[in-house]
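Since the structure comes first, as structure tokens, the remarks are kept for the end.
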Amino acid sequence: MDVVLDGNSLSIEQLCEVARRGAIVSISPHARERVNASRQIIEQFVAENRAIYGVTTGIGEFARIRIDPEQSAELQRRIIYSHSAGTGDPQPEDVVRAGMTLRANTLSKGYSAVRPKLIDTVIDMINKGVVPYINEKGSVGTSGDLSPLSQFAEVALGEGRAFYKGEQMTGAEAMKKAGVTPTDLTYKEGLGLINGSQVMTAGAALLAYDAERILKNAVIASAMALDALRAVVRPYYPAPHRVRPHRGQNAVAENLCRLFDNSEIMANRTGKVQDGYSMRCTPQILGPSFDTLEHVRSVVTTEMNSASDNPLFFAEENEYYAAGNFHGQGVGMVVDFLCIAMSEVANLSERHTNRLMNPVLSGLPDFLVEGKGLNSGLMVAQYTAAALVSENKVLSHPASVDSISVSADQEDHVSMGPIAVRKCTEILKNVRTVLAIEMMSAAQAMEFHDGRKPGKGTNIAYEIIRSKVPPLVNDRVLYPDIEAIRQLVEDNTILDAVEAALGPVKLSSDMTDLPTPGIPV
């Protein structure tokens, strides 16, 4: 897949193709025309000796100080040097590649007044595998990701540090080995490389992509647990959800009905009138996380295709504006929201696991193993889920409500969006493991239903799990089993098999004309 950047239409899926699968990037001819037009404006303004932020003035608190045009190239270089002040471990390579792609995309909108040559250098780095070494910490998310993008800009100049073919080396070495000619700098171009939200937005986009697949796995895990617990089926029928038409709630209910269609386990009725909330309200609990993801995707996609630079140059108006599009509040807030939504996925999953463990609630053997006392079964697997769920609650404290004034109070409100991205990354790791434990527990519970088969979709998941993890008869070390199933969640093996058989696991639905599952009531 080739990805053509025009500044306006890049999707999250296309970004992932570049970041994770090496898709080739180019810039559209129309975008190149806009870039040239924007460049002509800044050259005109410099010739007129106008005061232009970051071009003929200093930046931040130093915006009050005029800079001679002859010093502009040196100013742009020093901006990059002075802002390369990060710390911590290196950012993952896929995040860096995504961030570079987003920077090229925002420059391609034609409002940043850089030369096409600069964008070509960035695209050449992406296509030839030069990945700048960018520390994960140091950005407050306003003015965008200054420190991370400065480390990227260093490599574009043939300096700094970078990875090439998995090996860390100097930026100069990486560029030489890849056959990329470093760029020089002139008016606005140092600032044009570093002023914006591209690294946090890259992280947010990859998180949204991964969260979608985790949510689909969460529905499968829930269906397995509900099937194994012989849930009362009527709460998942279309009628109750049609009259509360939240799209996520309806999607979860529809997915569940398809997943446990024709379950012989659920058909073995218990006489219950209704189940506990974590069972009966699964659509109402998971559904809002689906709706949240839809909102996150919308905001992140808009930001991916926005001009987040400063100042911005408008050829059609023959004007420029020093404004604040670099502020990362929008991205930071929706990633915080995603942290909450995904933490709730794990909360529900752990409650399902708990019900499977408790014989009073499940009607199954204690901790899903015979020989209690001698065997502890899956008891402590639930402890692990509980620990991760509790950690997620701590990590769900929003980063975007915090702000620390910087640059001598010139920049007196910041987004802390990059912190939200790092927190959410850890939360998604935890959620995958919690779902793996729920799936492991539900599969084990299915061993105690006298050979009755699970539903169409839940049986597919059960069989895939059993191909990797045998039933638990006597106690054994559990972490290899958890890890094996977690890997099935992460690489979407279970999800792909279910979707191949039943069609897509839906993220939104209005439940129109959906047949009820083939289970007696």
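The values are calculated or read from the model by the stated rules, or taken from the named source; none is laboratory data. Because the structure is a prediction, the values reported are computed rather than measured. With ideal geometry, Cβ positions are generated from the backbone for all residues, glycine too; neighbour counts draw on all protein chains shown.
Taking the condition surrounded by fewer than 16 Cβ atoms within 10 Å (Cβ to Cβ), in the same structural domain as Ala156 (by TED's automatic domain parsing) and not acidic (Asp, Glu), does Ile123 pass? Lay out the reasoning, then the answer.
On the way: surrounded by fewer than 16 Cβ atoms within 10 Å (Cβ to Cβ): no; in the same structural domain as Ala156 (by TED's automatic domain parsing): yes; not acidic (Asp, Glu): yes.
No; evaluated as a whole, the condition is false for this residue.
This table checks each residue for (1) in contact with a helix residue (DSSP H, G or I) (Cβ under 9 Å, 6 or more places away or on another chain); (2) of a type outside the set (Gly, Ala, Ser); (3) surrounded by 19 or more Cβ atoms within 10 Å (Cβ to Cβ).
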| residue | (1), (2), (3) |
| --- | --- |
| Leu364 | yes, yes, yes |
| Ala385 | yes, no, yes |
| Val401 | yes, yes, no |
| Ile404 | no, yes, no |
| Lys423 | yes, yes, yes |
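Out of the range 283-328, which residues are of a type in the set (Asp, Glu) and closer than 18 Å to His241 by Cβ? Please lay out each step first, then the result.
Taking the range 283-328 first, the residues of a type in the set (Asp, Glu) are 291, 294, 303, 309, 316-317, 319.
Passing the criteria: Asp291, Glu294.
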Looking only at helices (runs of 4 or more DSSP H) that lie completely in the range 438-512, which have at least 3 residues being small (Gly, Ala, Ser)?
456-468, 493-502
Checking Val498 against (1) free of Cβ contacts under 8 Å to residues at least 60 places away in the same chain; (2) of a type in the set (A, V, I, L, M, F, W, C); (3) closer than 18 Å to Leu226 by Cα: exactly one of these is not met. Which one?
(1)
Please verify whether the range 73-84 includes one or more residues that are modelled with pLDDT under 90 and either in contact with a Cys (Cβ under 7 Å, 6 or more places away or on another chain) or crowded, with 16+ Cβ neighbours inside 10 Å (or both).
yes
Residue hits (the range 288-346; closer than 23 Å to Gln14 by Cα, hydroxyl-bearing (Ser, Thr, Tyr) and not in a helix (DSSP H, G or I)) are Ser306, Ser308
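Residue-by-condition table, conditions (1) in contact (Cβ under 8 Å) with a residue 40 or more places away in the chain; (2) in contact with a strand residue (DSSP E or B) (Cβ under 8 Å, 6 or more places away or on another chain):
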{"site": "Lys137", "(1), (2)": "yes, yes"}
{"site": "Ala153", "(1), (2)": "yes, no"}
{"site": "Gly160", "(1), (2)": "yes, yes"}
{"site": "Tyr164", "(1), (2)": "no, yes"}
{"site": "Ala174", "(1), (2)": "yes, yes"}
{"site": "Ile214", "(1), (2)": "yes, no"}
{"site": "Asp227", "(1), (2)": "yes, no"}
{"site": "His241", "(1), (2)": "yes, no"}
Looking at Leu75, Leu107, can you tell me which residue is of a type outside the set (S, T, N, Q) and within 27 Å of the chain's Cα centre (by Cα)?
Leu107
For the range 460-470, indicate whether the set of residues that are assigned by TED's automatic domain parsing to the domain that holds Ile214 and at positive phi is non-empty.
no
Options Val219, Val155; residue that is over 24 Å from Ser139 (Cβ atoms) and among the β-branched types (Val, Ile, Thr):
Val219
Got at least one residue in the range 38-57 being in contact (Cβ under 8 Å) with a residue 60 or more places away in the chain, within 30 Å of Val421 (Cβ to Cβ), in the same structural domain as Val140 (by TED's automatic domain parsing) and not in a loop (DSSP other than H, G, I, E, B)?
yes
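With Glu212, Glu173, Glu154 as the choices, which residue is within 25 Å of Leu495 (Cα to Cα), among the acidic types (Asp, Glu) and assigned to a helix (DSSP H, G or I)?
Details: Glu173 fails: within 25 Å of Leu495 (Cα to Cα); Glu154 fails: within 25 Å of Leu495 (Cα to Cα).
Checking each option against the conditions leaves just Glu212.
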Does Glu391 qualify as being touching an Asp or Glu at 6+ places or on another chain (Cβ under 9 Å), surrounded by fewer than 17 Cβ atoms within 10 Å (Cβ to Cβ) and part of a helix (DSSP H, G or I)?
yes
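Given the structure, is Ala98 crowded, with 24+ Cβ neighbours inside 10 Å and in a helix (DSSP H, G or I)? Quick ask: steps written out before the conclusion?
Numbers: crowded, with 24+ Cβ neighbours inside 10 Å: yes; in a helix (DSSP H, G or I): yes.
Taking the combined requirement at face value, the residue satisfies it.
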Taking the condition of being touching a Gly at 6+ places or on another chain (Cβ under 9 Å), of a type in the set (A, V, I, L, M, F, W, C) and assigned to a helix (DSSP H, G or I), how many residues in the range 176-202 meet it?
6
Criterion violated by Glu350 - all others in (1) farther than 24 Å from Tyr209 by Cβ; (2) acidic (Asp, Glu); (3) part of a helix (DSSP H, G or I); (4) free of Cβ contacts under 8 Å to residues at least 60 places away in the same chain satisfied:
(4)
Quick check: is even one residue across the range 165-184 crowded, with 24+ Cβ neighbours inside 10 Å and within 30 Å of Arg50 (Cβ to Cβ)?
no
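Within the range 8-31, how many residues are of a type in the set (Gly, Ala, Ser), more than 18 Å from Arg297 (Cα to Cα), in contact with a helix residue (DSSP H, G or I) (Cβ under 8 Å, 6 or more places away or on another chain) and not in a helix (DSSP H, G or I)?
3
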Cβ-Cβ below 9 Å, separation at least six or inter-chain, first residue in the range 70-95 and farther than 19 Å from Thr56 by Cβ, second among the charged types (D, E, K, R) and part of a loop (DSSP other than H, G, I, E, B): which pairs?
Tyr81/Glu159
If you go through the range 158-166 one residue at a time, do you hit one that is in a helix (DSSP H, G or I) and among the aromatic types (Phe, Trp, Tyr)?
no
For the range 371-388, which residues satisfy the criterion of being in contact (Cβ under 8 Å) with a residue 12 or more places away in the chain and not in a loop (DSSP other than H, G, I, E, B)?
Asn375, Met379, Val380, Ala381, Gln382, Thr384, Ala385, Ala386, Leu388
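Only one of Val331, Val252 is in the same structural domain as Gly451 (by TED's automatic domain parsing), within 30 Å of Ile404 (Cα to Cα), in contact (Cβ under 8 Å) with a residue 24 or more places away in the chain and of a type in the set (A, V, I, L, M); which?
Values: Val252 fails: within 30 Å of Ile404 (Cα to Cα).
Exactly one residue qualifies, and that residue is Val331.
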Determine whether the range 204-215 contains at least one residue that is at pLDDT 95 or above, surrounded by fewer than 23 Cβ atoms within 10 Å (Cβ to Cβ) and aromatic (Phe, Trp, Tyr).
yes
